[in-house]
Amino acid sequence: ELKVEQNPLFLSMQEGKNYTIYCNYSTTSDRLYWYRQDPGKSLESLFVLLSNGAVKQEGRLMASLDTKARLSTLHITAAVHDLSATYFCAVDGIGTSYGKLTFGQGTILTVHP
Amino acid sequence: DVKVTQSSRYLVKRTGEKVFLECVQDMDHENMFWYRQDPGLGLRLIYFSYDVKMKEKGDIPEGYSVSREKKERFSLILESASTNQTSMYLCASGGGNNYGYTFGSGTRLTVV
């Protein structure tokens, strides 16, 4: 059974600081997704990582995937208040389980002035 | 942009009612999914479908059924709603070689 663990689960940051959220998963997969969720809202797609070594950047966020280590990171550079949200990683199944996403618990990010 | 539209943002239903949650996508995706999200339990897959008239059980299918008569529409059915089905329901579509999954805006269902 695929398990996905994020850490930290709670992250309180000061504006302007850098930090990394980690996403570990337990079985082979080469497809991983990052989502953002604001309170009471649905999930917004941030990054689609489809191969080992994939790195994608959008604004102050950068995501990477190491399929050998079964690890993805979401790096936040010079945080701003607008980044406050819950961030989820989700790992895709393989073979007959393709399309079945397993989500991490989510990281609640709060950025303070 | 892919659009996944869920017909209701908020619903309040009575215990024992039959409830239909509708989801429509406009990008010709073959794969569609229903999840529920609960505090402390995260997102859990209820059912998914790879094609018209096809359905597969997810991790928590009990008490639910689905219908996919047309490619763009995937319906979640609560045969007899119960209070433990009070939740946020999220529909998603997508998958494939070059893109991920897009979620609808969610339906917050309360069963009283």
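Below are the figures for this structure:
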{"item": "When residues of segment A:12-36 are limited to those that are open to solvent by 20 Å² or more (accessible area, probe 1.4 Å) and among the polar types (S, T, N, Q), the one farthest from the chain's Cα centre (by Cα)", "result": "A:Q14"}
{"item": "Subset tally (residues that are in contact (Cβ under 8 Å) with a residue 12 or more places away in the chain, of a type outside the set (G, A, S) and within 11 Å of chain B (Cβ to nearest Cβ)) for segment A:99-113", "result": "4"}
{"item": "Unique match (being open to solvent by less than 40 Å² (accessible area, probe 1.4 Å), part of a strand (DSSP E or B) and over 16 Å from B:L90 (Cβ atoms)) among A:A79, A:A63", "result": "A:A63"}
{"item": "Given (1) of a type outside the set (S, T, Y); (2) over 14 Å from the mean Cα position of the chain (by Cα); (3) under 16 Å from B:Y35 (Cα atoms); (4) assigned to a strand (DSSP E or B), index of the condition A:G99 fails", "result": "(4)"}
{"item": "Failed condition for A:E5, given (1) open to solvent by 30 Å² or more (accessible area, probe 1.4 Å); (2) under 18 Å from B:Y101 (Cα atoms)", "result": "(2)"}
{"item": "Strands (runs of 3 or more DSSP E) wholly inside segment B:1-105 that include at least 1 residues being modelled with pLDDT of 95 or more", "result": "B:4-6, B:10-13, B:19-25, B:32-38, B:42-49, B:64-70, B:73-78, B:87-94"}
{"item": "Residue list for segment A:89-105, restricted to those being surrounded by 20 or more Cβ atoms within 10 Å (Cβ to Cβ) and of a type in the set (S, T, Y)", "result": "A:T102"}
{"item": "Test for A:T86: is it surrounded by 17 or more Cβ atoms within 10 Å (Cβ to Cβ), at pLDDT 95 or above and not acidic (D, E)", "result": "yes"}
{"item": "Residues being among the small types (G, A, S) and open to solvent by 20 Å² or more (accessible area, probe 1.4 Å) - total across segment B:9-49", "result": "2"}
{"item": "Residues being within 8 Å of chain A (Cβ to nearest Cβ) and among the aliphatic types (A, V, I, L, M) - total across segment B:42-65", "result": "2"}
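Residue by residue, here is whether (1) at pLDDT below 95; (2) over 18 Å from B:G100 (Cβ atoms); (3) not hydroxyl-bearing (S, T, Y) holds:
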{"residue": "A:G16", "(1), (2), (3)": "no, yes, yes"}
{"residue": "A:E44", "(1), (2), (3)": "yes, no, yes"}
{"residue": "A:K56", "(1), (2), (3)": "no, no, yes"}
{"residue": "A:L74", "(1), (2), (3)": "no, no, yes"}
{"residue": "A:A79", "(1), (2), (3)": "no, yes, yes"}
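Let's see how each residue does on (1) acidic (D, E); (2) free of Cβ contacts under 8 Å to residues at least 12 places away in the same chain; (3) over 30 Å from B:S87 (Cβ atoms); (4) more than 10 Å from chain B (Cβ to nearest Cβ):
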residue	(1), (2), (3), (4)
A:L9	no, no, no, yes
A:E15	yes, no, yes, yes
A:Y35	no, no, no, no
A:G40	no, yes, no, no
A:L43	no, no, no, no
A:A54	no, yes, yes, yes
A:T67	no, no, yes, yes
A:C89	no, no, no, yes
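The values are calculated or read from the model by the stated rules, or taken from the named source; none is laboratory data. No experiment lies behind these values; they were computed from the predicted model shown. FYI the Cβ positions are ideal-geometry reconstructions off the backbone, even for glycines, and counts take in every protein chain you see. The area values use the complete protein model at the heavy-atom level, side chains included, leaving out ligands, DNA and RNA. Shrake-Rupley method; radii C 1.70, N 1.55, O 1.52, S 1.80 Å.
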